[in-house]
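Structure first, commentary second.
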Amino acid sequence: MSDALLETRGLAHHFRLKDGRAVRAVDGVDLAVQAGEILGIVGESGCGKSTLGKTLIGVLRADDGTVIYDGAPIQNLKGPALRAVRSRLQYVYQDAGAALDPRWTIGRSLDEALVIHTKLSRAERSARVRETLAAVGLHEDQLSLYPHEISGGQQRRVGLARVLALHPRVLILDEPTSGLDVSVQATILKLLVALWRQYGLTLLFISHDLAVVRSICTRVAVMYLGRIVETGSTADLFVNPRHPYTKSLLAAVPQPGGPRVIDQAWLEGEPPDPLDIPSGCRFRNRCPMAQRRCAAEDPALRALAPTQAAACHFA
Amino acid sequence: MGSETALVLRKLAEDRLALIGLLIVLALIACAILAPWLATHPEAVTEINPAHRLRPPGGEYLMGTDRLGADIYSRLLFGARITLVISVVAVGVAVVVGVPLGLVAGITDGFVSSAIMRLADIFLAVPQIVLAIAIAQTLGPSLPNVILALSATFWPWFTRLVYAETRAVRNETFIEATLALGASPSRVVWLHILPNIISPIIVRITLGLGFTILTAAALGFLGLGAPPPTPEWGRTIAESREFLPDAWWYAAAPGLAIFLVVIGFNMLGDGLRDVLDPRTRRTGRPRD
Amino acid sequence: MTELLAVRDLVVNYHTQRGVVRALDGVSLSIGKGEVVGLVGESGCGKSTLARAILGVLPAPASEVKAASLSFGGENLLALASADIARRIRGRRITFIPQDPYGSLNPLFTIGQQMLDLMQWKSPLAIPARRGAWPALLTRYPAARRARDRAAILEMLEAVQIPNPEQALAKLPHELSGGQRQRIVIAMALLPQPELIIADEPTTALDVTIQAQILRLLHREVKRRQVSVLFTTHDLGTAWEICDRILVMYAGQEVEAAPTAAFFAAPRHPYTARLLQSLPRADGVAQDIPGEIPSLLSPPPGCRFHPRCAEASADCRTKRPPVTGSAHVVRCYHPLDAPGEAAA
């Protein structure tokens with residue numbers, strides 16, 4: 001996997017609580033992102049998918065492991081070298097409205113990214129902002145508005161325009177469609193695919209919504225309690241999930257017109273307390289296939305098919 | 001920013017109490033600037049005229065005369081200058097010292113932050129008037145010392161306020177998002193955090209001006225302010241005590257002036273608090 | 001099926017500083033006994049307003065409510081005094097499941113205290129206070145009834161699959177997971193033995209595996225007790241899972257109502273057809289609906305969907321379409337073909 005554009009090895013981030021305990025939100029993640037792919041990172045709340053994204057770009061410090069971008073480790077970079085990487089590797093926040101300074105107009109917020117990362121003149125910046133604005137489907141009139149004066153869908157577009165103006169290579173999208181109505185969600189997804197093509201982007205698509213991930217991603221990584229439990233191409237993983245957690249996750253997604261989820265048997269129970277992670281396989285307490293071996297041995301992610309790997313002794 | 005200022009002024013104009021407060025404050029400033037022209041006896045501020053001492057209001061003397069025969073009305077006007085200088089300089093120094101300290105304490109963690117806040121706590125633990133008396137007493141009664149005493153006791157209020165506001169804003173998503181974009185910490189502090197906490201600072205400055213005037217008057221009353229014959233309002237009230245209740249105007253005029261000015265600043269401050277509160281701030285544009 | 005709730009031509013206007021928000025424009029809805037009806041629509045479609053109008057908790061005096069009829073169990077809710085609704089109906093015969101259980105449980109009191117507090121006033125064993133009786137807070141909670149209510153609570157916690165019900169009673173809301181809090185809130189909605197439960201997006205905040213558990217639980221319990229449910233949601237998937245019938249709203253107007261299977265098999269209103277096409281698909285990105293949801297301050301005349309509708313004609317722009325169909329109802333001048341109108 002040396003040709004990966006972005007890669008993590010044993011990446012970890014722990015949130016320390018006041019009483020000295022630590023929540024191992026990301027706990028040893030190996031992930032390779034190939035140039036040009038749309039990699040979905042799915043999992044339920046608290047699985048560490050957003051934390052993983054923020055640790056990747058260095059907003060959260062890596063407690064362990066390395067992040068490699070374009071062949072070189074980046075987590076210890078400083079000064080201009082760090083800024084250069086930052087402009088290529090951008091994060092788009094889930095709540096686009098809250099990610100904009102409420103006292104700044106849209107135009108000023110969009111300009112700021114270029115002020116920070118480029119030496120362009122005012123006229124050049126303005127031209128770049130207008131060009132990006134057109135790409136995300138916003139109108140120039142909206143440059144003079146404040147974030148609270150535009151709709152949720154438009155706020156997402158502004159959030160995208162702000163980072164696209166930098167011409168990044170990798171975008172990490174944190175729940176880019178959550179909280180949107182389905183028709184607006186479809187519009188934003190269409191826009192993302194168009195931008196992905198137009199700008200030749202690599203996308204990390206963090207989402208809890210499996211249907212959305214299936215419709216847009218080329219490859220998927222499933223997270224559970226700070227670990228990646230299964231990866232695979234979208235086609236393989238959704239049709240033939242190998243890890244029991246992936247299976248239960250897919251079984252719980254309603255499919256209008258299909259068999260009803262509530263009529264079927266699936267896993268009961270809730271994820272364990274992240275402060276008290278079970279020994280061995282983290283999923284064993286909810287797993288119908290769990291054996292004695294699962295408590296003793298932590299299963300490593302192993303390749304099961306050309307595009308698919310799962311962290312399960314019995315997959 | 002231009003449209004926002006206009007909006008603030010328009011909303012302020014709708015708030016009747018705030019408007020009255022603003023007018024009182026403007027009147028105080030006008031009195032201070034125009035004192036030599038408004039005064040009926042500008043020369044009487046420092047001159048002694050025993051023949052006319054303790055005249056009641058009316059006729060030549062609008063508000064009567066004091067024990068040395070000086071025109072109280074004229075002395076009040078010149079006193080407005082002293083009052084304004086004391087409060088503006090004292091609050092200004094408190095802001096210049098307190099706001100940066102609060103910002104530093106708010107954006108850092110660990111020793112520096114704790115050290116600044118504990119120092120502020122120590123100053124806050126001593127009653128302000130007592131600390132001011134102690135400072136003024138030690139350094140001797142003079143105008144600069146009064147200002148020093150007031151600043152020294154007032155800066156922790158700004159530090160605490162800025163600290164709390166900074167902590168709140170620091171956790172907002174847009175701060176993290178701006179850092180994630182690649183902005184330097186100093187850019188985030190000056191362009192994002194400070195503008196978002198400026199409203200409560202302005203409100204506290206306004207209320208602080210009124211409060212400082214009151215404290216300055218108290219120090220003057222205790223004889224710790226500027227030495228005579230400075231026409232300081234608090235000192236004038238102190239002088240008048242032995243002539244009460246006969247020369248009622250002697251105490252009433254400066255008392256009323258202090259009362260009006262302090263209430264003016266407070267009404268303006270309360271009005272600003274409502275107007276500048278971002279939760280009630282709307283520019284009135286449609287959403288889509 | 002006997003009709004439990006009948007809403008005919010409900011109009012709700014909010015009077016705000018910016019003008020009159022025409023939140024509901026003559027909406028009709030009926031719920032039979034034991035029926036689960038999904039109220040589906042995007043934000044601003046008026047589903048929360050409709051739910052609140054039935055509960056009688058719209059913000060007075062800013063809201064103006066008119067209807068040809070709003071009857072529940074044979075009583076005209078519009079004619080009843082609001083104190084009467086509060087005493088006999090709300091929380092007793094009509095209960096509510098909120099979207100966010102954390103916000104609706106008091107963080108300072110244990111689950112047991114809050115459930116007993118509910119039962120003190122709303123237990124089916126309690127006799128509704130007469131008008132002019134002692135203020136409720138001054139009346140005592142009879143010990144014998146309290147014991148029976150407590151037993152009923154434990155039984156209900158068992159039914160909603162709370163592990164160790166006795167221990168759960170002693171816990172504070174934040175000590176439970178989101179899924180467990182939602183179970184508690186469902187239990188509280190079932191305890192007064194209501195005839196109708198209004199559920200406001202009860203699974204929106206939950207993860208997909210927990211959502212499936214909660215939906216199954218809710219479905220089983222309401223069907224067992226023959227309770228009717230008005231289930232508001234923006235998620236067509238959850239509506240598919242739990243509802244017998246679906247009513248789709250758009251910008252304050254109802255556009256289509258049909259049995260769930262018939263609805264998903266063949267939607268008849270252009271809007272609902274587009275809405276179904278905008279769901280994410282396995283084989284690529286979905287179709288979106290061009291245009292935006294109109295402002296309810298100045299909604300388009302006629303059918304409110306007409307500015308975004310490819311089928312729109314002159315009639316659509318001026319007059320609201322009449323209701324057509326019997327079981328599968330659609331309000332459109334140009335409905336899509338119905339392959340099996342008789343199927344329901």
Give the residues of region A:77-95 that are under 19 Å from A:H13 (Cβ atoms), facing chain B (nearest Cβ under 9 Å) and part of a loop (DSSP other than H, G, I, E, B), sorted by residue number.
A:Y93, A:Q94
Among the residues of region C:101-125, count how many are crowded, with 18+ Cβ neighbours inside 10 Å and part of a loop (DSSP other than H, G, I, E, B).
2
Mind listing just one residue for me: the one in region A:255-307 that is more than 17 Å from C:G179 (Cβ to Cβ) and within 9 Å of chain C (Cβ to nearest Cβ) and, of those, surrounded by the fewest Cβ atoms within 10 Å (Cβ to Cβ)?
A:D263
Tell me, which strands (runs of 3 or more DSSP E) wholly within region C:1-46 include 2 or more residues that are in contact with an Asp or Glu (Cβ under 8 Å, 6 or more places away or on another chain) and closer than 17 Å to C:C243 by Cβ?
C:19-32, C:36-40
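Anything in region C:182-208 that is part of a loop (DSSP other than H, G, I, E, B) and within 14 Å of chain A (Cβ to nearest Cβ)? List them, or say none.
In the first step, residues of region C:182-208 are kept if they are part of a loop (DSSP other than H, G, I, E, B); the result is C:191-195, C:201-207.
Matches in region C:182-208: C:E201, C:P202, C:T203, C:T204, C:A205, C:L206, C:D207.
Please return the ranges of helices (runs of 4 or more DSSP H) entirely within region B:108-216 where 1 or more residues are touching a residue at least 24 places away in the same chain (Cβ under 8 Å). Break it down into steps so the answer makes sense when it comes.
On the way: elements: B:111-125, B:128-139, B:143-170, B:173-181.
Result: B:111-125, B:128-139, B:143-170.
Residue-wise test of (1) at pLDDT 90 or above; (2) over 29 Å from C:T204 (Cβ atoms); (3) away from every other protein chain (no Cβ under 14 Å).
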position	(1), (2), (3)
C:P128	no, yes, yes
C:G132	no, yes, yes
C:P135	no, yes, yes
C:Y141	no, yes, yes
C:L157	yes, no, yes
C:Q167	yes, no, yes
C:Q180	yes, no, no
Condition set touching a residue at least 40 places away in the same chain (Cβ under 8 Å) and not in a loop (DSSP other than H, G, I, E, B), scope region A:244-254, selection surrounded by the most Cβ atoms within 10 Å (Cβ to Cβ): answer is A:Y245
Look through region B:201-232, keep the residues that are under 16 Å from the mean Cα position of the chain (by Cα) and polar (S, T, N, Q), and return whichever of them is farthest from B:V95 (Cα to Cα).
B:T215
For B:P231, only one of the following conditions fails: (1) under 28 Å from A:T105 (Cα atoms); (2) outside any helix (DSSP H, G or I). What is its number?
(1)
Selection count, region C:322-337, where residues are assigned to a loop (DSSP other than H, G, I, E, B) and either polar (S, T, N, Q) or under 15 Å from C:R8 (Cα atoms) (or both)
2
Would you point out which residue out of B:Y61, B:Y73 is free of Cβ contacts under 8 Å to residues at least 60 places away in the same chain and aromatic (F, W, Y)?
B:Y61
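Given the structure, is A:V115 part of a helix (DSSP H, G or I) and not assigned by TED's automatic domain parsing to the domain that holds A:G152?
On the way: part of a helix (DSSP H, G or I): yes; not assigned by TED's automatic domain parsing to the domain that holds A:G152: no.
So A:V115 does not fit the description; no.
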May I ask you to list the residues in region C:269-314 that are surrounded by 18 or more Cβ atoms within 10 Å (Cβ to Cβ) and of a type in the set (S, T, N, Q)?
C:T272, C:S278
Please find, among A:G65, A:G107, the residue that is in a helix (DSSP H, G or I) and either in contact with a Pro (Cβ under 8 Å, 6 or more places away or on another chain) or surrounded by fewer than 23 Cβ atoms within 10 Å (Cβ to Cβ) (or both).
A:G107
Would you call A:I188 under 27 Å from A:Y245 (Cβ atoms) and either modelled with pLDDT under 95 or among the charged types (D, E, K, R) (or both)?
no
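Let's see how each residue does on (1) out of contact with any helix residue (DSSP H, G or I) (no Cβ under 6 Å at 6 or more places or on another chain); (2) crowded, with 20+ Cβ neighbours inside 10 Å; (3) outside any strand (DSSP E or B); (4) not aliphatic (A, V, I, L, M):
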{"site": "A:R9", "(1), (2), (3), (4)": "yes, no, no, yes"}
{"site": "A:K54", "(1), (2), (3), (4)": "yes, yes, yes, yes"}
{"site": "A:Q75", "(1), (2), (3), (4)": "yes, no, yes, yes"}
{"site": "A:G97", "(1), (2), (3), (4)": "no, yes, yes, yes"}
One residue is enough: does region C:199-215 have a residue meeting the conditions modelled with pLDDT of 90 or more and farther than 30 Å from A:C47 by Cβ?
no
Report, by residue number, each residue of region C:153-165 that is part of a helix (DSSP H, G or I) and out of contact with any helix residue (DSSP H, G or I) (no Cβ under 7 Å at 6 or more places or on another chain).
C:E155
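The values are calculated or read from the model by the stated rules, or taken from the named source; none is laboratory data. This one's a predicted model, so the numbers in the text were calculated from it and none came from an experiment. Reconstructed Cβ throughout: ideal geometry from the backbone, glycine too, with neighbour counts over all protein chains shown.
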